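Shown next, in structure tokens, is the structure this report addresses.
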Amino acid sequence: MTNLQFKRHRRLRQNATMRAMVKETYLHKEDFIYPIFVMEGENVKNPVVSMPGIYQFSLDRLHEEMDEVVALGIPSVILFGLPAEKDAVGSEAYHDHGIIQKAIRFVKENYPEVMVIADTCLCEYTSHGHCGVVSEDERILNDPSLDLLAQTAISQAKAGADIIAPSNMMDGFVAVIRKGLDEAGFEDTPIMSYAVKYASAYYGPFREAADGAPKFGDRKTYQMDPSNRLEAMREAASDVEEGADFLIVKPALSYLDIIRDVRNNHDMPVVAYNVSGEYAMVKAAALNGWMDEKQTVLETLLSMKRAGADLIMTYHAKDAARWLEER
């Protein structure tokens, strides 16, 4: 055996210090964006049954969640609103006193150091649950939806949102929102575009959390076919051309190849959205004692960084931040 010539890769794995010296990818709590659901009402902290550990908060209890986020050193949150009333055009999404606008103001007034990202969509606010205007024959209309999305983005920027994150997947949404923000005096407000968003089964728990399930049909005419890879590059490229400042890939875990493709093709921040179904699967397995939650979560999030993500939206953010402090 001594005459054989082969590579001894294990030389660099023989102890923890050696492994740390050659570590290629790092996970930091500063990488995390934590999603929060805010609803109308008083003294509300509703558990999301399909997402253990996640809650819907009324404004008067939002400080409980935000205090913890700040104490853990998580630098940014993305806010989703649940209105008291819905209508066909989602008017509460762009009302200056809508729930998301009130939540933005609350966070910026009380936690000014936190970066507030506003999810910009209509599905939580429309009576039909779709992300745009719907025709009488139940078609989702692209162009009439764009003006409402721009109004929503402007109202969120006026409320103090640091970043606008449009998630609707209408064609041209970045261009229209960018124009609207610029004309309203918010030319310095970045757009974190849901550039590559697939029509995925992994969104199921989110639709409970945000009360945003479509009342008819599905979202396959505007969200992407999971079969397609090249289309993702076209989607990302058009958003870059239209003025996006960040590119989100959603979901993350089953689309690591897409994250890498986007990273290789664009020199701007890439965000992986570790979605509700991905969170729920790990939580369910951990609660049943089938998997080590800490190790599984950290490995999962690390895979997204390794694939090329700069930032990760994740419901695991608070737990992961604690675990990283323990290291």
* Structure fact -> Expected max-MSF residue from G172, G98, G289 in the GNM of the chain (alpha carbon, under 10 Å) is G289
* To do: Would you mind counting up the charge near A284? Only other residues with Cβ under 12 Å from its Cβ, with Lys and Arg at +1 and Asp and Glu at -1.
  => -1
* Identify the GluC sites (Glu not before Pro) of region 11-91 meeting these criteria: DSSP loop state and at most 14 other C-beta atoms within 10 Å of the C-beta. => E24, E42, E85
* If you stretched the chain out fully between E64 and L230, how much longer would it get, using 0.36 nm times the residue separation minus the C-alpha to C-alpha distance? -> 55.5 nm
* **FRET efficiency for E42 and S127, using Cβ-Cβ distance with R0 set to 22 Å, rounded to 0.05** => 0.40
* Asked: Once the other residues with Cβ under 9 Å from the Cβ of D310 are scored (Lys, Arg +1; Asp, Glu -1), what is the net sum?
  -> +1
* Asked: Just how large is the dipole of the chain about the Cα centre, in debye to the nearest 20, putting +1 at every Lys and Arg Cβ and -1 at every Asp and Glu Cβ?
  -> 2020
* Using percent of Cα pairs over 35 Å apart as the read-out, say which of [x] 15; [y] 23; [z] 20 was calculated from these coordinates. => [z]
* What angle, in degrees between 0 and 90 and rounded to the nearest 10, separates the Cα long axis of helix 99-110 from the longest principal axis of the Cα atoms of the chain? -> 60
* Asked: If you find the alpha carbon centre of region 254-291 and of region 1-77, how far apart are they in angstrom?
  -> 12
* Could you calculate the FRET efficiency of K220 with H28 from 1/(1 + (r/R0)^6), where r is the beta carbon distance between them and R0 is 25 Å, rounded to 0.05? => 0.10
* To do: Under a 10 Å cutoff between Cα atoms, tell me which one of Q14, Q223, Q56 has the largest fluctuation in the Gaussian network model of the chain.
  => Q14
* Measure up K108/K318; K197/K283; K29/K250; K179/K305; K158/K283 against 28 Å on the Cα-Cα distance and list the ones that go over. => K179/K305; K158/K283
* Helix-derived mean residue ellipticity, 222 nm - over the chain, DSSP H n ≥ 4, -39500 (n - 2.57), to 500 -> -11500 deg cm²/dmol
* Asked: Quick one: if the Förster radius is 45 Å, what FRET efficiency do Q14 and S238 give, using the C-beta to C-beta distance and rounding to 0.05?
  -> 0.40
* What does the charge add up to near F186, with Lys and Arg as +1, Asp and Glu as -1, over the other residues with Cβ less than 10 Å from its Cβ? -> -2
* If contacts are Cα pairs under 8 angstrom and at least 6 residues apart, what is the relative contact order of the chain in percent? -> 18
* Max mean-square fluctuation residue, GNM over the chain, Cα-Cα springs under 10 Å, options K29, K108, K220 -> K220
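Values quoted throughout were computed directly from the atomic coordinates according to the rules given, and no laboratory measurement underlies them. Please read these numbers as outputs of a predicted model, since none were measured by experiment. Cβ atoms come from the backbone with ideal geometry, glycine included; neighbour counts cover every protein chain shown.
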